[in-house]
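Student: This structure is in structure tokens; I'll ask about it shortly.
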Amino acid sequence: MFSCRQPVNALTSGNWTLLNDDFPGYQRSSAISFVIGNNAYLGLGYNQGLNVRFADLYSYGSTGWTQLASAPSGFLPRSNAVAFSIGTNAYVGLGQDNNNNYLQDNWQYNTLTNTWTRKADFAGTARIDASAFGIGAFGYVLCGYDGGSNRKDSWMYDPAADRWTLTPIQFNGSKRTGAIVFVHNSKAYIVTGVENGTEVSDFVVFDPSQAAAPWSALRNVCNCSSDTYDDDYTDIVRDHGVGFVQGDTAYITTGNNAGAYNSRTWGYDFVHDTWFRRSDFEKVARSNAIGFAVGNRGYVATGKSNAMDLDDLSQWFPYQSLNTND
């Protein structure tokens, strides 16, 4: 049977639209974000032009941006921190302060009362650029850089007991900093990042329901096998990129690769453990941005591009054709 269906051009599949809804705070990179309910939250971070870090917080939802309560006086302004959410609370900590000290404190932000409360300090070494996520009743922090080396230890936080413990089975991937983490169906996926100047290509999933073996290796994100599925996997690896999940697909974009910006966008198929190209990130090339999804809509905000700090907000439309004029 003859088909007149036209082949899909992966590089023109999906569209990035710059919204007229810039982040209202100072331009910044290396901020934190988390999502609770129908709102995303963005705060902290670093403005290289002013050489200053922040302790502020904003939410983004159906009515746009809203400034929230800044962290209290005991909370040092910082960048390169971590954040994860459990229920209606978020937990924010680690990072680097304005004196370039690495931090290990941990703070709870209550979205219902718009208040901050200090909690038990992170039990690992103080560090920057770690990875964090929440699943169920627990939060997890792993990897990062502690001033001496990149790490691969993995920690669990129990908010009911206000206690940190090493996960019974430790993370089995490469050491890394600046990785991307996304959560889907109560599993966390850790991919990309850099170790000793080399972009890592392993890909690990964490499933806490599998107590005996919670960490599993997925297919590497490079052209590493003799099969054909990965022949095009030439520019997935990166560090300080962003990722988010829309429906049953994850997307990653932006970041660095070997000192250059990587604007390639890739989608991930959870069912088949394969990646597919989509339209490049169209706006200013950047790293250390924020990516999040709210209401099944994906966004990229802030970041840095060489000496320029950014405050723009772009939305990702995965099923539209590329339009370079928007």
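Student: Could you give log10 I(q)/I(0) at q = 0.08, 0.11, 0.12 Å⁻¹ for the chain, computed by the Debye formula over C-alpha point scatterers of equal weight, without solvent?
Tutor: -0.34, -0.65, -0.78
Student: Report the residue, chosen from N101, N20, N80, that carries the largest GNM mean-square fluctuation when the chain is represented by alpha-carbon nodes joined by springs under 10 Å.
Tutor: Highest fluctuation among the options: N20.
Student: Could you give the size of the charge dipole of the chain about its Cα centre, using +1 on the Cβ of each K and R and -1 on the Cβ of each D and E, expressed in debye and rounded to the nearest 20?
Tutor: About 340 debye.
Student: Continuing with the same structure: Which residue, A179, T192, G147, has the largest displacement toward the positive end of the dipole of the range 71-193 when charges sit on each Cβ (Lys, Arg +1; Asp, Glu -1)?
Tutor: T192
Student: Show which aspartates and glutamates lie in cross-link reach of K187 when reach means a straight Cα distance below 15 angstrom and same-chain residues fewer than eight apart are skipped.
Tutor: D207, D248, D269, D273
Student: Here's another thing I want to ask about it. How big is the range 126-180 on each of its three principal axes, counting only the C-alpha atoms and giving the largest first in Å?
Tutor: 31, 21, 19
Student: Can you tell me, using C-alpha contacts under 8 Å and at least 6 residues apart, the relative contact order of the range 28-319 as a whole percent?
Tutor: 12
Student: So, one more: If neighbour count is taken as other Cβ atoms inside 10 Å, put L112, L313 in order from fewest to most. Walk me through the numbers before you get to the answer.
Tutor: Details: L112 9, L313 22.
Going from sparsest to densest Cβ surroundings: L112, L313.
Each value in this text was obtained by applying a stated rule to the coordinates, not by laboratory testing. Predicted, not measured: the structure shown is a model, and the values here were computed from it. Don't worry about glycine lacking a Cβ; one is built from the backbone with ideal geometry, like all the others, and counts go over all protein chains shown.
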